[in-house]
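Here the structure is laid out as structure tokens; the discussion comes afterwards.
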Amino acid sequence: MGPPPVVTGISPKEGPPGTRVTIRGEFLGTTATDLIGLKICGCECLLSAEWKSRNKIVARSGPCKGRGDIIVTTKSGGEGTSTVQFRGYHESIGPVKESAVWVEEAAPPSLPWGRRPMSPTAYTPPDPLGLSTEGEDSKFPEEELNELFPDGSGKLSDENFQPGWYLLEHHSNTSFEDLKAGMVFLQRKVEGQKEGQLSFLKANTGAVMDQLDRLVLLKNMYEDDQRKNGKEPLPSLQSAIEESITLADSLFSEILTRKENADKTREALSLLTRHKFLFQLPASIDKNIRKKEYDLVVNDYARVKNLFGSTDVKLFQKILTEIDRKIEDLKENLHNRMKTMPINVQEQTKYIRLLISLNWEGDAAWVAITTRKDYLMALMSRRRKESEEGPWSAVRSAWCEAACGALASELHALWPLARRYFAGELAGEPGDPQRHTALKEMIIAAVEVFSDQMRSCLLSSGPSAGSAVAADVLRTRLLANLRSLRDAYDSLLKLDLPSQPLSIVEKVVFDYRVFGMTVFLQRAHKRVKALSETDTWKIKEFSDYGAITELPHLLESYLTDALSSIYKCVLSSGRRESALLVDGGEPLVVLRTHTQQILLAYVAVLQEIALQHDDQDFNSSSLSVALDQPLEESRGAQQKLLVAAADALYTRRVTLNNIAEKFTSFDFPSPTAALQATRDALSNLEASIAETYLEHKGDPLVGTIEPSMYMGRHTIHPDAIVDDARPYVYEIINNLIAVHAEVDSICGSSCSRYVRDISETVCEEVARLWSGARPVGRAAVFRARLETTLLRLACRDHLTRKAETYLAETLASIPTLETEEEKKRMERIIGDFKKRMELQLASLNCNIESV
């Protein structure tokens, strides 16, 4: 249970029954239903109680008399206590009895004179019969009363009061005995009032007599005055008054004039004081404008227009005209400031609001938007002119950054300003909806100008793409420009612009990425084409494929550098950017096309350095090369030809595979078609080199066979004993050994191809010679078969199928040996040949590899 109620104050502190009492205290109940009891001086007053709050209750006092406590009872706190008391009393009200009426707290304050009359509705006279009136439920219908008493009334104070109306209205259910008792009470009350009036006169006889004497004296004075001045004293009184006025004017005219002047001065000073704000406003406007406190100017101008806008006073109108002129100058100043660029959007918004507050003619917000658009266009044009006047490398990169920054910063100001304009946040009402299209066209126009300038500056074939700048410098420039473009694109994405201008900028970023990839590939292409101008013939490595120069490694290095730069700079996609290398996309086609051009350019370099020579260059007799030493011109073109063949073979079998792995390691699609085309080109180049080498090396060798074969003893006696081959056979073998040694020193294990080709040519020439000069006689037959067999034995590891066919057909055309003695002698000679030529045969048939 909560704390008990405590009454600490009442208003008023006394009164007759029915007095409206305001009770104040603590814990007087939590709600109206929590109040269950209220006693004033012991009388229950709960029915008339109005619960206002926990600290206030309003009720009407009951028929109590004397002093007593105010006891409040609540459900939550029980029966309470009181620290104040209320005094109740009974009094009758008559025509000579003053009545004190308590003024309600909510009533308006009384006038400073007289007593406030009681409202007819605030006081209900007691029942004249001394009986309690009936409630609303048993009241007689008012319509029937009007029918019974058409001209009567039930109110005691009305002139047409009808007792029957009153009795039917208030006592229709009262018993006859009670009415008789009420009649006795009424008679007794009337008698008591009569006795009270007589007692009053007896107690105040002296005062009444004194008042009568005063009335008699007034009557006598009036009669004396009438006899003295006549019955009409007004003309004489008027004459006296006019005479007094004339005398007063003559006596006080100067004083009155000074007083009039003083009054005028006082009135003027009062006017200046009352309207000090108006008279000082022009100077205040100038002062606030100099201090740039434009808000104060706007507030003062709105205030003066509200107070004096419709005045008819000429002086006020003159001052207002001056104020209007200053405000017009301020509008022009604010308009110029709003259009002066550069300016931040907060300042511009401030000027817009000020112009709107000053009722500037025109759409200030839209003027600000168009001004920013024009400034952006002019700024980019100025930046472009500056870039054209300076060097390509530094100024244009700086222009790219400046142009991207200008686009991002100005659109960051223009677009939010436009959105606030159309949302009605600047002018208090939304902007013209028809200007939505114009705004969109502004944004698109600015972005298209930016796109065109970026393309003309960054995507053109300028020094950045064509000059042989360092890779790090080239990557730094491209990364810086791409970063500037992406920063601008990200800034536009944050603004939530329409998709069309965003797609324009994204296309510029994408095209610049493609351009960057192309630049790196073109740079690699130029570097590969320039390989023919380097120290080409310096041997760097002896591999399984022969003596290799640095050309294959340079090719791999140049392509790897290009792929690495593409991977680091342009491959990765930024926010909401398209992937660069997708199947069917143009960039992938560009990558594959340039890759094939680079590889084929390398093949062209090899072909150029291998096949462009003079015939006399093939006369060199040097057969070896050393590591890290260049091939001198004296070494002959045949060695250069073989080195180029070794480079081509190494490139086809090793370098191209390494390049394919580089593509995979950088997540690039493998250039299968380019690699295959390069392999085919290298195979054709190797064939061309072999054919050229055979032409310049094999033909002279074959040309010596016929003279050597017929030199000296061409004919032989049929019965002569042949014990060895003629010298031309050994010459052929020595020449093949020399070729093998030369090719092996450069091509290594892949040298067999060239020896086979020359061996095939030799076998073809020998077969041709034997077919044209058939041996006659047993000795000639034996010699022909011996020489053919020894040649076949010496070249056994280098014989192609065609060469084998040539020798087989030659042996088939020569008659066979008929006697055992010839066969044994043939075997002995061949055995001696193997022993005697063991070293030569071993050197000729080593390092055999199928190419």
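The values are calculated or read from the model by the stated rules, or taken from the named source; none is laboratory data. These numbers were taken from a predicted model, which means no experiment stands behind them. Heads up, the Cβs are rebuilt from the backbone with ideal geometry, glycines too, and the neighbour counts pull from every protein chain shown. Note: areas computed on protein heavy atoms with side chains; ligands, DNA, RNA excluded. Shrake-Rupley method; radii C 1.70, N 1.55, O 1.52, S 1.80 Å.
Observations, loosely collected:
- Answer residue from the range 40-83, given it is open to solvent by 60 Å² or more (accessible area, probe 1.4 Å) and closer than 13 Å to V6 by Cα and is nearest to the chain's Cα centre (by Cα) among those: R54
- Restricting the range 327-343 to residues that are open to solvent by less than 80 Å² (accessible area, probe 1.4 Å) and under 25 Å from the mean Cα position of the chain (by Cα), the residue that is farthest from K373 (Cα to Cα): I343
- The condition of being within 27 Å of L563 (Cα to Cα), open to solvent by 10 Å² or more (accessible area, probe 1.4 Å), in contact with a helix residue (DSSP H, G or I) (Cβ under 9 Å, 6 or more places away or on another chain) and among the charged types (D, E, K, R) holds for D511.
- Output for the range 321-372, where each listed residue is in contact (Cβ under 8 Å) with a residue 40 or more places away in the chain and closer than 20 Å to P282 by Cβ: E322, I323, K326, I327, L330, N333, L334, L354, S357, L358
- Output for the range 485-516, where each listed residue is closer than 15 Å to V447 by Cβ, over 14 Å from the mean Cα position of the chain (by Cα) and small (G, A, S): S503
- Top-ranked residue of the range 158-176 - restricted to ones that are of a type in the set (S, T, Y) and free of Cβ contacts under 8 Å to residues at least 24 places away in the same chain, ranked as nearest to P128 (Cα to Cα): Y166
- Residue match in the range 346-360 (condition: aromatic (F, W, Y) and open to solvent by 50 Å² or more (accessible area, probe 1.4 Å)): yes
- Only one of the listed residues (S573, S557) is open to solvent by 30 Å² or more (accessible area, probe 1.4 Å) and part of a loop (DSSP other than H, G, I, E, B). That residue is S573.
- When residues in the range 431-447 are screened for being modelled with pLDDT of 75 or more and out of contact with any helix residue (DSSP H, G or I) (no Cβ under 6 Å at 6 or more places or on another chain), 9 of them pass.
- The range 281-309: number of residues that are farther than 15 Å from K331 by Cα, modelled with pLDDT of 85 or more and either part of a loop (DSSP other than H, G, I, E, B) or among the polar types (S, T, N, Q) (or both): 3
- Annotation note: Cβ proximity below 9 Å between a residue of the range 441-456 that is under 15 Å from K385 (Cα atoms) and touching a residue at least 12 places away in the same chain (Cβ under 8 Å) and a residue that is assigned to a helix (DSSP H, G or I) and open to solvent by 50 Å² or more (accessible area, probe 1.4 Å) (sequence gap 6+ or interchain) occurs for Q453/R383.
- For the range 739-768, a residue qualifies if it is under 17 Å from T810 (Cα atoms) and open to solvent by 10 Å² or more (accessible area, probe 1.4 Å), and the qualifying residues are E760, T761, E764, E765, A767, R768.
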